[in-house]
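S.K.: Below are the structure tokens for one structure; questions will follow.
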Amino acid sequence: MQGEPEVAVLRLGHRPGRDGRMTTHVGLTARALGADRVLLTSSTQAKETIEDITGRFGGPFSAELTDSPKATIRDWPGVVVHLTMYGERVQDVEEEIREAHGTDPVLVVVGAEKVPFDVYEAADWNVGVTNQPHSEVAGLAVFLDRLFEGRELDREWADADQRVVPMATGKRVESADDE
Ligand code: SAM
């Protein structure tokens, strides 16, 4: 988030035809819950969808393609957090990670299929959001909320063409052209 060291999300792996929606949802969840950018290992369709949402609902947020995710992890100029059901419990390590984020950019790595073991070794923390199998989208959402301690829920969006007006019942979206 603005004024804080960067938080980027790296989505490892992408099985065409199978992971399309999940890869898009990793990017949209990263955006909505306070990350600054997402790095995707292949899906141009997901990148376009995430950019379209950012164009309409605001940013700053960017989606980028990388063909060298291992180099991204190796050369990351901060700390690397790999989300995995086999990792340390998020509630046990979140404070250390928050402290690191006070000064250092954080790369959050999520998988799709089996994640190679060298990613576990390269990470500064392997973190489980529960030690139960579930989804990269759910793991990412809980992790980011813990990292930011809920501050991301109040973030402001710049250059939004559309803004949802929260209401108890019904749906209202204001357009920048209406103002
Ligand atoms: N079996 C795969 C493996 O061994 O890496 C996991 C596949 S899982 C469907 C896809 C991704 O969801 C994982 O790579 C991980 O990033 C995330 N994930 C699933 N369960 C998780 C948990 N309990 N905590 C954190 N991340 C989780």
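The values are calculated or read from the model by the stated rules, or taken from the named source; none is laboratory data. Just so you know, these numbers come straight off a predicted model, no measurement behind them. With ideal geometry, Cβ positions are generated from the backbone for all residues, glycine too; neighbour counts draw on all protein chains shown.
S.K.: What's the number of the condition Arg31 fails, among (1) touching a helix residue (DSSP H, G or I) at 6+ places or on another chain (Cβ under 6 Å); (2) outside any loop (DSSP other than H, G, I, E, B)?
M.R.: Going through the list (1) touching a helix residue (DSSP H, G or I) at 6+ places or on another chain (Cβ under 6 Å); (2) outside any loop (DSSP other than H, G, I, E, B), Arg31 breaks only (1).
S.K.: Here are some conditions: (1) more than 13 Å from the ligand (Cβ to nearest atom); (2) within 20 Å of the chain's Cα centre (by Cα); (3) polar (S, T, N, Q). Thr169 meets all but one. Which one does it not meet?
M.R.: (2)
S.K.: Moving on. Give Thr41, Thr29 a once-over and let me know the one that is of a type in the set (Ser, Thr, Tyr), touching a His at 6+ places or on another chain (Cβ under 6 Å) and within 14 Å of the ligand (Cβ to nearest atom).
M.R.: Details: Thr29 fails: touching a His at 6+ places or on another chain (Cβ under 6 Å).
Residue meeting the stated conditions: Thr41.
S.K.: Next question. Hey, among Arg21, Arg37, which residue is farther than 15 Å from Val108 by Cα, of a type in the set (Lys, Arg) and either crowded, with 20+ Cβ neighbours inside 10 Å or within 15 Å of the chain's Cα centre (by Cα) (or both)? Spell out how you get there, then give the answer.
M.R.: On the way: Arg37 fails: farther than 15 Å from Val108 by Cα.
Selected residue: Arg21, the only one of Arg21, Arg37 that is farther than 15 Å from Val108 by Cα, of a type in the set (Lys, Arg) and either crowded, with 20+ Cβ neighbours inside 10 Å or within 15 Å of the chain's Cα centre (by Cα) (or both).
S.K.: Only residues that are among the polar types (S, T, N, Q), exposed (fewer than 13 other Cβ atoms within 10 Å of the Cβ) and either free of Cβ contacts under 8 Å to residues at least 60 places away in the same chain or touching a strand residue (DSSP E or B) at 6+ places or on another chain (Cβ under 8 Å) (or both): list them for segment 81-107, please.
M.R.: Selection gives Gln91 alone.
S.K.: Please determine whether any residue of segment 148-166 is under 12 Å from Met1 (Cα atoms), buried (at least 17 other Cβ atoms within 10 Å of the Cβ) and within 16 Å of the ligand (Cβ to nearest atom).
M.R.: No.
S.K.: For segment 36-52, check the following and say yes or no: at least one residue is among the basic types (Lys, Arg) and assigned to a strand (DSSP E or B).
M.R.: Among the residues of segment 36-52, at least one is among the basic types (Lys, Arg) and assigned to a strand (DSSP E or B), which makes the answer yes.
S.K.: Asp75 is checked against (1) of a type outside the set (A, V, I, L, M, F, W, C); (2) exposed (fewer than 14 other Cβ atoms within 10 Å of the Cβ); (3) in contact with a Phe, Trp or Tyr (Cβ under 9 Å, 6 or more places away or on another chain) and fails just one. What number does that condition carry?
M.R.: Just one mismatch for Asp75, condition (3).
S.K.: On to the next question. Here are some conditions: (1) under 19 Å from Phe148 (Cβ atoms); (2) more than 15 Å from the chain's Cα centre (by Cα); (3) buried (at least 20 other Cβ atoms within 10 Å of the Cβ). Leu10 meets all but one. Which one does it not meet?
M.R.: For Leu10, the exception is condition (2).
S.K.: Sticking with this structure for a sec: Taking only pairs six or more apart or across chains, which ones have beta-carbon atoms under 9 Å, a first residue in segment 124-140 that is within 27 Å of Arg74 (Cβ to Cβ) and near the ligand (Cβ under 8 Å from one of its atoms), and a second residue that is among the hydroxyl-bearing types (Ser, Thr, Tyr) and assigned to a loop (DSSP other than H, G, I, E, B)?
M.R.: Gly139/Thr130
S.K.: Something else: Pro60 versus (1) in contact with a strand residue (DSSP E or B) (Cβ under 9 Å, 6 or more places away or on another chain); (2) at pLDDT below 95: which is the lone unmet condition?
M.R.: (2)
S.K.: Any residue at all in segment 78-89 that is in a loop (DSSP other than H, G, I, E, B) and modelled with pLDDT of 95 or more?
M.R.: yes
S.K.: A further question on this structure: State all residues of segment 92-123 that are of a type in the set (D, E, K, R), within 30 Å of Gly17 (Cα to Cα) and away from the ligand (no atom under 12 Å from the Cβ); if no residue qualifies, say none. Break it down into steps so the answer makes sense when it comes.
M.R.: Here is the first cut: in segment 92-123, the ones of a type in the set (D, E, K, R) are 92, 94-96, 98-99, 104, 113-114, 118, 121.
From what is left, the residues that are within 30 Å of Gly17 (Cα to Cα) are 113-114, 118, 121.
If the condition is that a residue be of a type in the set (D, E, K, R), within 30 Å of Gly17 (Cα to Cα) and away from the ligand (no atom under 12 Å from the Cβ), then Asp118, Glu121 are the ones that fit.
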